[in-house]
Amino acid sequence: IAPDRVSMTRSGKSFAVDSKMEFEAGKRIKGLYHTDFGPIEMELLTYSIATSLSPAGGAVSIDYHVSLKGLGDIRNLLEIEVVRDTDAPVLN
């Protein structure tokens, strides 16, 4: 995670879905969305990225449009809440 860029790797167990999604504000990025049925061409257009992270946790918000060739397209708002695991050791 960077102020204007986020990389996310997504995988699934019920279906073998694997993809790396790159979000960069104002940019259109092409890639492949891997499924059991084969790869599908994917294009992401990121409108905005907002992050508020600290050692205690925080949030990431990504407003983006995704197009999957032959399957359609949709605008999404991905909101991730980051919570610190109080049982995990703090690394310095």
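The values are calculated or read from the model by the stated rules, or taken from the named source; none is laboratory data. Quick caveat: nothing in here was measured; it's all calculated off a predicted structure. Methodologically, a virtual Cβ is constructed for each residue, glycine included, from the backbone with ideal geometry; neighbour enumeration extends over all protein chains shown. Heavy atoms of the whole protein, side chains included, go into the accessibility calculation; ligands, DNA and RNA do not. Shrake-Rupley method; radii C 1.70, N 1.55, O 1.52, S 1.80 Å.
For this structure, a couple of remarks:
- When each of THR46, THR35, THR51, THR86 is tested for being among the polar types (S, T, N, Q) and open to solvent by 90 Å² or more (accessible area, probe 1.4 Å), the lone residue that passes is THR86.
- The lone criterion from (1) at pLDDT below 85; (2) within 16 Å of the chain's Cα centre (by Cα); (3) among the hydrophobic types (A, V, I, L, M, F, W, C) left unmet by LEU91 is number (2).
- Criterion: modelled with pLDDT of 90 or more and surrounded by fewer than 12 Cβ atoms within 10 Å (Cβ to Cβ) - qualifying residue of GLY26, GLY70: GLY26
- Among the residues listed as SER61, SER67, SER52, the single one being over 23 Å from SER11 (Cβ atoms), of a type outside the set (Val, Ile, Thr) and out of contact with any Cys (no Cβ under 7 Å at 6 or more places or on another chain): SER52
- Single residue of MET8, MET42 found to be within 29 Å of ASP87 (Cβ to Cβ), of a type in the set (A, V, I, L, M) and modelled with pLDDT of 85 or more: MET8
- Selection of segment 54-67 for residues being on the phi > 0 side of the Ramachandran plot and surrounded by 14 or more Cβ atoms within 10 Å (Cβ to Cβ) yields only GLY58.
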